[in-house]
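To keep things clear, I will list the structure first and then write my remarks on it.
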Amino acid sequence: MPDRIESYKPLLFEKDVRRIIPWWEPNVIFDVGANIGQTAFELSHAFPKAKIHSFEPVPKTYDELSKRTAELPGISVHQYALGDQSGTVSMLANGTSKRNKVLPDTSDCRHSAEVYAYTGFEIMKILSIEKLSFLKIDAEGYDMKVLLGFRKCLKDVDFVQVEAAMNDYNTTHIQFRVFDEFFRKNDFLLFKIYDQVFEFANGRQPALRRANPVFIRKDLCNLEGVS
């Protein structure tokens, strides 16, 4: 096997969605914050008929992503960031680290790179995509900015996955309650919470640090007869 991703781990989301909504079949998937293709690899095996667009703006990480997904025909890679507005942003660019992220305007970091960002609405227009089946966001605390860039077209997205802080000790990620309120206002419901990661808050009490909640567009749900 080429040196891409070492192993395939079946997605729990795939199992759940095939059991709960067996008629749903994804056509287009966005992998925002793709790193070296870990999630893209899993998604391509789970949904081989889907077209996957992976976005990774950090140069070294993008190069590695391109190499590792080169033989996966359903994946296209793009060296852009996504955010709430278009323009140049500064990113932490420490090799292929999973912790690379958009930096504050006031940050002075020697491991940084200037990259270009589009809004989700703009990139869907550029790629001539009218409907998005699954939007995965892993942007190291920038997830809400990415979401805001999709505001004009969220009605055309079936599922959205974000990375959320699950307690106040986690100041890196956006709090789950903030995401939940945003999605409720935009006619989405919570589908399920995946990838729960624990920590010891202040070194004493066990606490859930972060997780990947998935939200489903409300009109995909058949709520008749549910009380």
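Computed from the coordinates by the stated procedures, all read-outs in this text should not be read as laboratory data. Nothing here was measured: the structure is a model prediction, and the numbers come from that model. Cβ coordinates were reconstructed from backbone atoms using ideal geometry, including for glycine residues, and neighbour counts include every protein chain displayed.
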Self-check item: Within straight-line cross-link reach of Lys15, lysines at Cα separation under 23 Å, skipping those fewer than 8 residues along the same chain
Solution: Lys49, Lys51, Lys131, Lys136, Lys192, Lys218
Quiz item: For the residue pair Trp23 and Thr88, what label-to-label distance in nm results when each label sits 7 Å from Cα along the Cα-to-beta-carbon direction?
Solution: 5.0 nm
Practice problem: Arrange the following residues from fewest to most other Cβ atoms within 10 Å of their Cβ: Thr88, Thr172. | Solution: Thr88, Thr172
Quiz item: Ranked highest first by the average count of other Cβ atoms within 10 Å around their residues, in what order do 174-184, 42-52, 160-170 fall?
Solution: 160-170, 42-52, 174-184
Self-check item: Rel. contact order, % - alpha carbon contacts under 8 angstrom, at least six apart, segment 26-220
Solution: 17 percent
Quiz item: At a Förster distance of 35 Å, what's the computed FRET efficiency of Tyr116 paired with Glu71, Cβ-Cβ distance as r, to 0.05?
Solution: 0.80
Self-check item: Separation in nanometres of the label points that stand 7 Å from Cα toward Cβ, at Arg177 and Cys221
Solution: 2.1 nm
Quiz prompt | Options Val214, Leu72, Pro59, ranked by Cα towards positive dipole end of segment 26-220, top entry (Cβ charges) | solution = Val214
Quiz item: What whole number of Å gives the distance from the Cα centroid of segment 26-93 to the Cα centroid of segment 171-197?
Solution: 22 Å
Self-check item: Calculated Rg and Dmax of segment 26-220 using C-alpha coordinates, Å
Solution: 16.3, 51
Practice problem: Mind pulling the per residue volume of the convex hull built on the Cα atoms of segment 109-197? Å³ is fine. | Solution: 119 Å³
Practice problem: Taking the Cβ of each residue in Lys152, Lys15 as the centre, tally the other Cβ atoms inside 10 Å and list the residues starting with the fewest. | Solution: Lys15, Lys152
